[in-house]
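Heads up, the thing below is written out as structure tokens.
The values are calculated or read from the model by the stated rules, or taken from the named source; none is laboratory data. Only a predicted model underlies this, so the values are computations on that prediction, with no experimental measurement involved. Glycine gets a Cβ as well: all are built from the backbone with ideal geometry, and neighbour counts include every protein chain shown. Quick note on the areas: whole protein, heavy atoms, side chains included, nothing else; ligands and nucleic acids left out. Shrake-Rupley method; radii C 1.70, N 1.55, O 1.52, S 1.80 Å.
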Amino acid sequence: MKQIERYFYPAVFTYEPGQEIAVDFPDLKCATSGINDDDALLSARELLGCVLYGLEEDAEEIPAPTPLTEVDTQPNERVVLVDVYMPSIRQAHINRSVNRTVTLPAWLNAVALEHNVNFSQVLQDALKSQLHLG
């Protein structure tokens, strides 16, 4: 099945005096906030990408977005169409780093530290070589 490149979902921005802007995605049942409109939009886009990526990875159904004209709001709320470009979200998760604990003889660790060895890079290079990954 072809993956969708860009999703668009309505978010309800709620404005209360003296508080952060609350952002709710009614179709996805998730929320975030921001200190101003720009921050709220960036937080909304990041949350949208994380939630949709999680749904894709878990092979769960992704709900259809409600049309903007059908989203109910209160006087202190605004509907904003938030989009997320999924190829960059997916790529970021593919290339994310994970921690691994390795055990070395103390003398080898000391010599490597003296020579400013980048342990992560050496391990990556060795694993690629061992697995014939070029």
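Of note:
- Here Pro105 clears all of (1) over 21 Å from Val12 (Cβ atoms); (2) within 26 Å of the chain's Cα centre (by Cα) except the condition numbered (2).
- Number of residues in the range 86-134 that are charged (D, E, K, R), under 30 Å from Tyr7 (Cα atoms) and assigned to a loop (DSSP other than H, G, I, E, B) equals 1.
- For the range 59-78, a residue qualifies if it is of a type in the set (A, V, I, L, M), open to solvent by 50 Å² or more (accessible area, probe 1.4 Å) and closer than 21 Å to Thr14 by Cα, and exactly one does: Leu68.
- Among residues of the range 13-30 that are farther than 19 Å from Val71 by Cα, those with a beta-carbon under 9 Å from a residue that is open to solvent by 20 Å² or more (accessible area, probe 1.4 Å) and hydroxyl-bearing (Ser, Thr, Tyr) at least six positions away or on a different chain give the pairs Gln19/Ser33; Glu20/Ser33.
- Residue check, Val12 open to solvent by 30 Å² or more (accessible area, probe 1.4 Å), touching a strand residue (DSSP E or B) at 6+ places or on another chain (Cβ under 6 Å), over 30 Å from Gln121 (Cβ atoms) and among the β-branched types (Val, Ile, Thr): no
- Listed by first and then second residue, the pairs with beta-carbon distance under 8 Å, at least 6 apart or on different chains, first residue in the range 44-58 and under 11 Å from Val84 (Cα atoms) and open to solvent by 30 Å² or more (accessible area, probe 1.4 Å), second among the β-branched types (Val, Ile, Thr) and part of a helix (DSSP H, G or I), are Cys50/Ile89; Tyr53/Ile89.
- Condition check for Lys29 on (1) over 17 Å from the mean Cα position of the chain (by Cα); (2) closer than 27 Å to Ala92 by Cα: one failure, at (1).
- If the condition is being farther than 30 Å from Thr66 by Cα, open to solvent by less than 100 Å² (accessible area, probe 1.4 Å) and in contact (Cβ under 8 Å) with a residue 12 or more places away in the chain, then the range 81-119 contributes Val102, Phe119.
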